[in-house]
1. Using just the C-alpha positions of chain A as equal point scatterers, what log10 of I(q)/I(0) does the Debye formula give at each q in 0.11, 0.12, 0.15 1/Å?
2. Kindly give Rg over Rh for the protein assembly as shown, based on alpha-carbon atoms, with the Kirkwood expression for the hydrodynamic radius.
3. Using the membrane-span-like helix rule (whole DSSP H runs, Cα extent along the own axis of at least 24 Å, mean Kyte-Doolittle hydropathy at least -1.0), which helices of chain A qualify?
4. Quick one: compute the contact order of chain A, relative version, from alpha carbon pairs under 8 angstrom and 6+ residues apart, as a percent.
5. Work out the P(r) tail for segment B:96-169: percent of alpha carbon pairs separated by more than 19 Å, whole number.
6. List the pairs from B:K73/B:K177; A:K90/B:K69; A:K131/B:K118; B:K51/B:K159 whose alpha-carbon separation is above 21 Å, in the order I gave them.
7. Quick check on the exposure proxy: order B:F122, B:F36, B:F60 from fewest to most C-beta atoms within 10 angstrom.
8. Determine the sum of side-chain charges near B:M30: Lys and Arg each +1, Asp and Glu each -1, restricted to other residues whose C-beta is under 13 angstrom from that of B:M30.
Amino acid sequence: MKKKDTPQDTSSLQNITREVCYVKNSEGKYETDLSSGWEVKSAALDNAWDDINEQIEAAKNAVLAGEKSPIYYYFVKQLMDFQVLSGYTKFWKISIKKHMTPKGFKKLSEKKLAVYAKAFDINIDELKNFKV
Amino acid sequence: MVKDFKHIQTAHCENGVITSLLRHRGLDFMNEPLAFGMGAGLFYLHVPILKFNGGPAISFRSMPGGIFKRTCKALNIDLERKKFKDELSAQKFLDKKLEEGIPVGCQVGVYHLTYFPKEYRFHFNAHNLIVYGKEGDNYLISDPVMETVTTLTTAELNKARFSQGMLAPRGHVYYPKKLEMLMRLLLEKQL
């Protein structure tokens, strides 16, 4: 990439930082330049976030419809996978799956709810009284 | 407190941390392309059978830590690394090293880095940054992908150092230990 072609598009990095790019200057030698963002990269990232937001919306509706427990909602909302949530809670994947059903969720003790609340960085009431 | 630490911005975090740490120890010739080359960082992987978030597994980086290991091996540098069982001992070790004036490389989870734009905060655990000081409850952070230095509170840094999931850092810290032999060699060459 030539130095004059370094992309300077608006992106989510705005007002936060710029990225280093290695570019060729007018003498054909490499040097670094700062880029405020690249349209193509932003589009890919936006696309990924559109998918995630759709999943969060679906998770919310599933909880409101009584198909899933709030644990499932926060799991999706915070972009976790089972390895991540299992790491924070020290619960087994199979137990977490059970807690994601409304039936399994009802049986959870205060202590276990507190563990989940801590993992999601929310307070226990938000978990018990699901409101979005 | 580390004296005269100079923040260097790079395109990739692992190259950046090794470049900054070694430059701080007097290896003035170190820069990102050199670290990337010595560490054999060029890599590409595409596995269509392995699916991640609905797409094929693509990677344009080698295993985290690999660039470090190979650069240090090529330069005959002893790298001290440590992982911890709990946050408190990890924090104590870091504080001690900072008091001794040693900037320390840390492996962290991106999800907990509050200075990143929200759009970039995924559960990715192989990001690297340098901690070069502490002021009150704030750690002074030199993150190589950022334009300037930043800070994180003790709680935030602890969380990032003990993020969970694939490649969980478990408080992983590292810094070059012995450079004497290399420095002597360089000196001899200059003379």
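None of the figures in this text is laboratory data; all of them are computed from the coordinates on show. In this text the structure is predicted, and so the values were computed from the model without any measurement. All Cβ positions, glycine included, derive from the backbone under ideal geometry; neighbour counts span all protein chains shown.
1. Values returned for q = 0.11, 0.12, 0.15 Å⁻¹ are -0.57, -0.62, -0.76.
2. Ratio of gyration radius to Kirkwood radius for the protein assembly as shown: 1.01.
3. TM-like helix candidates: A:39-64.
4. For chain A, the relative contact order is 17 percent.
5. Cα-Cα pairs of segment B:96-169 separated by over 19 Å account for 28 percent.
6. Where the Cα-Cα span goes over 21 Å, the pairs concerned are A:K90/B:K69; A:K131/B:K118; B:K51/B:K159.
7. Least crowded to most crowded, the residues run B:F60, B:F122, B:F36.
8. Numbers: positive: B:K6, B:R23, B:R25; negative: B:D28, B:E32.
My count for the surroundings of B:M30 gives +1.
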